[in-house]
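Here, each number is a calculation from the coordinates, and none is a lab measurement. The structure displayed is predicted, hence computed values, not measured ones. Every residue, glycine among them, receives a Cβ derived from its backbone with ideal geometry; neighbour counts consider all protein chains shown.
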Amino acid sequence: MADAGLDELNALRKLLNRPHPWHGISIGESAPEKVTVFIEIVPTDTVKYELDKNTGYLKVDRPQKFSNVYPTLYGFIPQTFCGEANGAYCASRTGRTGIVGDGDPLDICVLSEKDITHGDIILEAIPIGGLRMIDRNQADDKIIAVLDGDAVYGAWREIYQLPPPLIERLKHYFLTYKQAPDATKHPVEITDVYGREESYEVIRSTQVDYEKKFARLRSLIE
C-alpha cells in the first residue's frame, strides 16, 4: 500500500507541476532528424516574447519597435545549449577564432502553412538546414525546419528546396530585426546558409553543450 500511495503522489505531482520548457521537455527520441520545438513567437505577434529561464513561463522581452514581423513560427529546441562545442563548431566552419556560444537554447524557425495563433506550445519539426549567424562574436545559429506532417512544407527535406525569395526573406529578417531604421551597419552577420546534414551537426553540438552544462540537472529530473 505504501508503494501504491507513493506512486499516486508522484503522479499527482506531475499533473500539478508544469515541466520547464527548456529542461523538462525532451528534445525527442529521433533528434536531430526530428526534434521537439517550444514555440515562443508566431508571425502575428507585435511583441517579442521570450522564455523566462528561471520560471519557464513566457515573458514580454520588448514590444517590436519597428515594422519587423517574424516570417515563421519561432522558438527553441529543448535540452540544447549554445556553449563551447557550438562556438567551436561555428569557428571551424568559418575559419574564425574566439567564437563562443550565446548561452541560450538553440533557436529554430518552423515553416507551416497553418495559422498558429499563439506561442507557448510544443510541436515536432523536421530540420532542413540553417542560417549561420554571428552576433558580436557569438554563434547564434537559426535552424530552419518544417512542421512535421504539414500539407505544404512537410515533405521538404533540404533548405535548398525552399524558393530563394523565402530564404532571402529569412536572412533579411535576422539581419535587420535589431537594427534601427537609420542604422548603416548590421549588428549581426549571416556568414552562410547550410543544409540538413550540417544542421544536424549544429544540433548535436548544442546537445553536447547541454549535457556538459546541465548534467546534474538532467539526473535530478530523471
- Message: Given contacts defined as C-alpha pairs under 8 Å and at least six residues apart, what's the relative contact order of the chain, whole-number percent?
- Response: 21 percent
- Message: Cut-off 10 angstrom, C-alpha nodes, Gaussian network model of the chain. Which of LYS114, LYS34, LYS48 fluctuates the most?
- Response: LYS114
- From the P(r) of the chain, can you give the percent of Cα pairs sitting at distances over 21 Å? 57 percent
- Are there GluC sites (Glu not before Pro) in segment 13-110 that DSSP puts in a loop and that have at most 11 other Cβ atoms within 10 Å, and which ones? GLU29
- Message: I'd like the distance between the alpha-carbon centres of segment 82-158 and segment 186-215, rounded to an integer number of Å.
- Response: 7 Å
- Task: Count charges around ARG93 for me, please; just the other residues with Cβ under 12 Å from its Cβ, Lys/Arg as +1, Asp/Glu as -1.
- Result: -2
- GLY28's amide H: which non-local residues (gap 5+, or another chain) put their own amide H closer than 5 Å, with H modeled 1.01 Å from N in plane and none for Pro or chain starts? THR36
- Message: Explain nothing, just compute: Karplus ³J(HN,Hα) = 6.51 cos²θ - 1.76 cosθ + 1.60, θ = phi - 60°, for every residue of segment 149-159 in order, whole Hz, x for Gly and Pro.
- Response: x, 4, 5, 9, 9, x, 8, 6, 10, 9, 4
- Query: For segment 96-104, in order, what is each residue's ³J(HN,Hα) by Karplus, 6.51 cos²θ - 1.76 cosθ + 1.60 with θ = phi - 60°, in whole Hz (x at glycine and Pro)?
  - Reply: 9, 10, x, 7, 10, x, 8, x, 10
- Built amide H within the under 5 Å cut-off of ILE128, gap 5+: ILE144, ALA145, VAL146
- Using label points projected 7 Å from each Cα along Cα→Cβ, tell me how many nm separate ALA155 and THR44, to one decimal. 2.9 nm
- Coil-residue GluC sites (Glu not before Pro) of segment 101-187, DSSP, other Cβ within 10 Å capped at 16: GLU113, GLU158
- Charge tally in the Cβ shell below 10 Å around ALA125, where Lys, Arg are +1 and Asp, Glu are -1, ALA125 excluded: -2
- Query: When Lys and Arg each count +1 and Asp and Glu each count -1, what net charge do the other residues less than 15 Å away from THR55, Cβ to Cβ, add up to?
  - Reply: -2
- Cleavage-rule hits (trypsin sites (Lys or Arg not before Pro)) in segment 131-174: DSSP loop, at most 10 neighbouring Cβ within 10 angstrom: ARG136
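Looking at this model, which pairs from LYS34/LYS178; LYS34/LYS213; LYS48/LYS212; LYS59/LYS142; LYS142/LYS178; LYS59/LYS212 are more than 19 angstrom apart at the alpha-carbon?
Beyond 19 Å between Cα atoms: LYS34/LYS178; LYS34/LYS213; LYS48/LYS212; LYS59/LYS142; LYS59/LYS212.
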- Item | Residue exposure sequence - VAL37, VAL100 - by fewest surrounding Cβ within 10 Å | VAL100, VAL37
